[in-house]
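The values are calculated or read from the model by the stated rules, or taken from the named source; none is laboratory data. Note that this is a predicted model, so its numbers are computed, not measured. Here the Cβ is made from the backbone with ideal geometry for all residues, glycine too, and neighbour counts use every protein chain on show. Each accessible area value is taken on the protein alone, full model and side chains, heavy atoms only, with ligands, DNA and RNA left out. Shrake-Rupley method; radii C 1.70, N 1.55, O 1.52, S 1.80 Å.
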Amino acid sequence: PMELVDHIEVILGPGSVLYGSNAMLGVINVVTKRAKDFDGYHAVLSSELPGSVRGSLALGRGFELLGERGEAVVSVEYRRADGPALHYGTQQYGEDAVTGEPRRFAFGGPGTGVWGGAAGDALGSEVPVVHGRLSLGDFSLTARAASFRRSVPHSWGNFDDPGSYERDRWLTLDARYDTDLSTGLDLSLRAYGDVYDYLQNARSAAAESCLDGQLEGCVYRLYGASRWAGLESILKYDWFHDARFVTLAGVDARGRFVKAIEEYLDAATEDSTPGIDLAPRWERTVGAYLEQTLRPFAWLGLNAGARLDWDEGFGTNLSPRLAASLSPWDGGTLKAIYATAFRAPTAYERYYADPLAVIAAPDLVPERVRSAEFAVEQRLGAQRLTIGLFRSWWSEMVVFGLASPEELAAAQASGQLDPSLTEAYRYRNVASLENYGANLGVEGSFL
């Protein structure tokens, strides 16, 4: 809920590894307000006429318990949007490959073979959210539950069908304990658990989009679920108690679970025919990281870090990072950064399959990136000028494309694909990218 947000931290590069072992671009931490800054009841009702409404009710309270100072913040929010309509240019599709009649893009009545027009449900969505945080002394507990249901006006099936939608649901728990073990030595312990599920419900009146025998159309459903839990510990030591030489070390161990079920329901009989049933998969990951900051002089700052990740599905990956900041003249700063990172393919990219279209790709490997950046910053009173150069090298990028004839034949021979198909798709590691450029920034204030 927006009223509860104090600030948002965007941490770039693999040197910042507070949440997750596979960050390619960075980490986003949404920091909520303290109870002392959010005391009392807060109610909000807003709307963008005619079809959008958002309401929230929040409470912040501080208290004393067992001689410790505590606080509680909780918020409930509901958002709903119904439009506005979007207009899609009409497309002459033609005949249904199975029935030979003009393809139907809606239930009821004969097919027209034409896709497109006005989509009144194009931007429909519904988002309830509950968020709460409780702290007492050095201990804090955060919980969040949310659901996001949205319309799908242009899926593979019917056009602007109100019964076609996608839905995500989350439940997150995070317990944290922060304490000072001694002068300069800080310990942070964190236990977390997350529950997520996904549902795609797509209706099609066209027989060619459905399984054999479903001549009156079908309802395609894909259900996916994942669970993960972990423990993280971080030690931070300020050697000289003046922030000139600080060492940070941490370990994050987690287990994760994923499952998916796909089915096609006959629109006439409501009989279900399974497409895929991905057996539950359990995987473990461990990430260990070390970061050293050094400021030997007021005009020089150095930062070196590395993270070593072990993933049960992808082996070991090392992500180092180096950064330096130099201030050789008054108001001027030179910055240089080199970093590496990787992104493990998602369970969807590896395991999703559809007997009418998609081959699973369990052999995918992680995407990787190396980046370098150099910047010059000059301050002149309240004005600041920044000039920067950057370059990134990406490899093993995951893309979605046509399967080769050999892959198509092998999938059909093993029973993964319908034998009548002449083409299918799959994910694969094939792409590389080079990204480079310059940026110029001017920031200032007057009066």
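Couple of notes before you dig in:
- Couplings 3J(HN,Hα) of segment 98-113, computed from phi: 8, 8, x, 9, x, 5, 8, 10, 7, 6, x, x, x, x, 10, x Hz, in residue order, whole Hz [Karplus 6.51 cos²θ - 1.76 cosθ + 1.60, θ = phi - 60°; x for Gly and Pro].
- Model label points for TYR436 and TYR223, set 7 angstrom from Cα along the Cα-to-Cβ axis, are 5.2 nm apart.
- Sum of side-chain charges, GLU373 neighbourhood, beta-carbon under 13 Å (Lys, Arg +1; Asp, Glu -1): +3
- Ellipticity at 222 nm from helices only: DSSP H runs of n ≥ 4 in the chain, each -39500 (n - 2.57), divided by the residue count, give -1000 deg cm²/dmol.
- Build a GNM of the chain with springs between Cα atoms under 10 Å apart, and of LEU222, LEU389, LEU231 the one that fluctuates most is LEU389.
- Cα-projected label distance for VAL399 with LYS236, points at 7 Å along beta-carbon direction, nm: 4.2
- P(r) for the chain, from all Cα pairs and a bin width of 20 Å, is 18, 46, 31, 6, 0 %, short bins first.
- To put it simply, the accessible area of the chain at a 1.4 Å probe is 60 percent carbon and sulfur.
- Solvent-accessible surface of the chain, taken per residue with a 1.4 Å probe and all protein chains present: 55 Å².
- Each other residue within a Cβ distance under 14 Å of ARG428 adds +1 if Lys or Arg and -1 if Asp or Glu, for a net charge of -4.
- When the GluC sites (Glu not before Pro) in segment 227-323 are filtered for DSSP coil states and for at most 10 other beta-carbon atoms within 10 Å of their beta-carbon, the remaining sites are GLU270.
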